[in-house]
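Worksheet: the structure to be examined is printed underneath.
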Amino acid sequence: MEANKCGPQGFPELKNDTFLRAAWGEETDYTPVWCMRQAGRYLPEFRETRAAQEFFSTCRSPETCCELTLQPLRRFPLDAAIIFSDILVVPQALGMEVTMVPGKGPSFPEPLREEQDLQRLRDPITVASELDYVFKAITLTRQRLAGRVPLIGFAGAPWTLMTYMVEGGGSSTMAQAKRWLYQRPQASHQLLHILTDALVPYLVGQVAAGAQALQLFESHAGHLGPQLFSKFALPYIRDVAKRVKAGLQEAGLAPVPMIIFAKDGHFALEELAQAGYEVVGLDWTVAPEKARDCVGKTVTLQGNLDPCALYASEEEIGRLVQQMLNDFGPQRYIANLGHGLYPDMDPEHVGAFVDAVHKHSRLLQQN
């Protein structure tokens, strides 16, 4: 039967590959769009689904993760889905306790304080089997997407994960984590290596489970200056891309496009463009034309509307999107926000953003 046409691994055939084509740098008829944190608290149905469950229990339920991933796609004609999960499942799988404190965010009751604390961490080789629930969620979601749009898998980059593990939660300065970089460079590298060794099989496993693209979140790039970044973040970002690609090849899996998003990492755009990723994500502090000059023609750019622009009127959102699309140009570009959606955003305005990208990018192509 035609309707049941299956692709590799028995997954339904992909009907809209615009996002993947843009990521690979191929021509598209319009600019694809998705939003970071598109499965999130700004949707009443998300709050309802999540209400009764502790955060990480939600992450461990493939059925719930699948439902949360699909919710935004029922409302908006997005060009990609991103699996509902959290970057902190990796430190958890390494044996650290993490709780999500309402109104405060993630908390590690016993953060890494001394060098010898690294001995508490599990062997990174075991992480992928600990995170089997993520793979199950990806496979289930890929089936239920029925080929509508591609599914993105993700993970936090080593430095960003390290900040949480050492700070014990969020921080405005990352002073404890940076103290490690200055006082314990060896131990810092050891920890970053452990995290890289955990991330590689985890990301390869996500692709084996059905993810069609991968995004690495270096959310705390901005706490590092160019020197610390090039010493403690960039080498591991590069290593993840190189080893994941080799791992996919070894496993006989087709390559998938990889996205690096280093928030506030504008000082390293050139280096990030050469780090082995097909796509470089941008936050809203970077001017599109400058970013293009910086990264050259060989990578696709993703971003970078200020999430707070969604507080504007729908007309104004249309104008801002038009400006953004003009600045980035019609090809090698994926529209997104410069960071995740905030919980108090009006879903109607998210819809206006998505529609404006589709409408204006089609007009741009015709001219």
So what J values fall out for the range 232-248 if you push phi through Karplus, 6.51 cos²θ - 1.76 cosθ + 1.60 with θ = phi - 60°, rounded to Hz, Gly and Pro as x?
10, 10, 4, x, 7, 4, 5, 4, 4, 4, 4, 6, 5, 4, 5, x, 5
I'd like to check one number: the per residue accessible area of the chain, probe 1.4 Å, reported in Å² as a whole number.
41 Å²
Give me the dipole magnitude in Debye, nearest 20, for the range 313-353 about the Cα centre, with unit charges on the beta carbon: positive for Lys and Arg, negative for Asp and Glu.
340 debye
Among the listed pairs Lys104/Lys359; Lys136/Lys245; Lys136/Lys231; Lys136/Lys359, those beyond 29 Å (Cα-Cα)
Lys104/Lys359; Lys136/Lys231; Lys136/Lys359
So what is the calculated 222 nm ellipticity per residue for the chain, using -39500 (n - 2.57) for each DSSP H run with n of 4 or more, over all residues, to the nearest 500 deg cm²/dmol?
-14000 deg cm²/dmol
Given the Cα-Cα distance of Lys290 and Gln143 and 0.36 nm per residue of separation, how much length would full extension add, in nm?
48.9 nm
Answer in debye to the nearest 20: the dipole magnitude of the range 17-366 about its Cα centre, from +1 Lys/Arg and -1 Asp/Glu charges placed on Cβ, is 380 debye
Using every alpha carbon pair in the range 17-366, what percent of pairs falls into each 20 Å bin from 0 up to the bin containing the largest distance?
31, 62, 7, 0
For helix 347-366, report the angle its Cα long axis makes with the longest principal axis of the Cα atoms of the chain; keep it between 0 and 90° and round to the nearest 10°.
60 degrees
Quick one: which residues, 5 or more positions from Val256 or on another chain, have an amide H under 5 Å from its amide H? H modelled 1.01 Å from N in the peptide plane, none for Pro or chain starts.
none
Quick one: which of 167-179, 142-154 comes out on top by average Cβ neighbours within 10 Å, and what's the full order, highest first?
142-154, 167-179
Debye, to nearest 20: dipole size of the range 178-292, +1 on Lys, Arg Cβ, -1 on Asp, Glu Cβ
300 debye
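The values are calculated or read from the model by the stated rules, or taken from the named source; none is laboratory data. The model shown is predicted, which means the values in this text are computed figures rather than measured ones. Because the Cβ atoms are built from the backbone with ideal geometry, glycine has one as well, and the counts that use them run over all protein chains shown. Please note that ligands, DNA and RNA were not included when accessible areas were found on the heavy atoms of the full protein model with its side chains. Shrake-Rupley method; radii C 1.70, N 1.55, O 1.52, S 1.80 Å.
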